[in-house]
Amino acid sequence: MCVQILGLVENMSFYECPKCHDKAYLFGREGAQRTAKEFNVQLLGAIPLQESIMTACESGAPTVIRDPTSAPARAFVEIARKLLE
């Protein structure tokens, strides 16, 4: 069986401070970009490491419903948009 890879999503890409909005790349930077280029696939997006994602998941309400203007929700919507293209 052959599975077509539609693209790459980088999970826990960075941590954004909720107070000052500085980004910290806890697991390194641009790894997903390098991997996407190496395998010739589209980088669909980067999901930040954010407690609100866990809270939303545990409550049963997806981030895009619970807090649609948040950075994680915008990232998920952008990934979905790219997949639809």
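The values are calculated or read from the model by the stated rules, or taken from the named source; none is laboratory data. Predicted model, so just to flag it, every value in this text is computed and none were measured. Neighbour counts are summed over all protein chains in view; Cβ atoms, including those assigned to glycine, are modelled from backbone coordinates with ideal geometry. Accessible surface is based on the protein model in full, side chains and every heavy atom, while ligands, DNA and RNA are left aside. Shrake-Rupley method; radii C 1.70, N 1.55, O 1.52, S 1.80 Å.
None of P72, P68 is in contact with a helix residue (DSSP H, G or I) (Cβ under 7 Å, 6 or more places away or on another chain) and free of Cβ contacts under 8 Å to residues at least 40 places away in the same chain except P72. Look at L83 and say whether it is in contact with a Lys or Arg (Cβ under 7 Å, 6 or more places away or on another chain) and under 17 Å from L8 (Cβ atoms). Taking the combined requirement at face value, the residue does not satisfy it. The set of residues in the range 1-13 that are surrounded by fewer than 10 Cβ atoms within 10 Å (Cβ to Cβ) and among the polar types (S, T, N, Q) contains only Q4. Of all the listed residues (E85, E16), the sole one being surrounded by 11 or more Cβ atoms within 10 Å (Cβ to Cβ), acidic (D, E) and modelled with pLDDT under 90 is E16. Looking only at residues in the range 32-44 that are open to solvent by less than 80 Å² (accessible area, probe 1.4 Å) and not in a loop (DSSP other than H, G, I, E, B), the one that is nearest to V77 (Cα to Cα) is L44. Pairing residues of the range 1-19 that are without any contact (Cβ under 8 Å) to a residue 24 or more places away in the chain with residues that are part of a loop (DSSP other than H, G, I, E, B), at Cβ distances under 7 Å and at least 6 apart in sequence or on separate chains, gives no pairs at all.
Taking the range 19-31 as the range and being open to solvent by 100 Å² or more (accessible area, probe 1.4 Å), in a loop (DSSP other than H, G, I, E, B) and in contact with a Phe, Trp or Tyr (Cβ under 7 Å, 6 or more places away or on another chain) as the test, only L26 passes.
Looking only at residues of the range 45-85 that are in contact with a strand residue (DSSP E or B) (Cβ under 6 Å, 6 or more places away or on another chain) and in a helix (DSSP H, G or I), we find that the one that is farthest from L6 (Cα to Cα) is A75. Selection of the range 56-74 for residues being more than 19 Å from D22 (Cβ to Cβ) and open to solvent by less than 50 Å² (accessible area, probe 1.4 Å) yields A56, A61, T63, A73.
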